[in-house]
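Have a look at the structure below, then the notes.
Quick note: the coordinates plus some simple rules give every number you see, no bench work behind them. All values reported here derive from a predicted model rather than from experimental measurement. Cβ atoms come from the backbone with ideal geometry, glycine included; neighbour counts cover every protein chain shown.
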């Protein structure tokens, strides 16, 4: 779903999940135990949350499931640049986790997470073009934010692994 369509959905149904994702399944991350799928999913979604928080955008709720599905819901109104960076953040966060915890190279980590973050990547292409920036610029900004919010990402991912979902009030804690 494009960022424009997400914005329309948010305006009409402000509590509808706006950023559904699927991150690597156990088969996709064959070098990792199946139990890593939930953690990778949680880290992916927490990356979206960290970037949204950096931009001062509230997160309505975030979910992560052991099957690799997840979503981050936030209100409409981001500009194209913000959408592009948010789009990049999930994959960049999951890739950073794979590099740190599984010794993946950046190229391999992006390849592992790329096929399962299709909605993010399609939106990234569109939103970067609308913002007049390259995908690489959006990714770099997402990586910079993720590095600066490593502790927040770890905390959110840990709580997501324990609870499966967090609402806006639980994210403030």
Report task. Identify the residues of region 63-91 with backbone N under 19 Å of a label point that sits 7 angstrom from the Cα of residue 150 along the Cα-to-Cβ direction, or state none. Result -> 89-91
Query raised in the report: How far is it, in nm, from the label point at residue 170 to the one at residue 118 when both lie 7 Å from their Cα along the line to the Cβ?
Result: 2.9
Report task. Place the peptides 36-42, 141-147 in order of packing, highest mean first, counting for every residue the other Cβ atoms within 10 Å and averaging per peptide. Result -> 36-42, 141-147
Query raised in the report: How far apart, in nm, are two points set 7 Å out from the Cα along the Cα-to-Cβ line at residue 55 and at residue 102?
Result: 2.7
Requested in this report: Place the peptides 130-138, 68-76 in order of packing, highest mean first, counting for every residue the other Cβ atoms within 10 Å and averaging per peptide.
Outcome: 68-76, 130-138
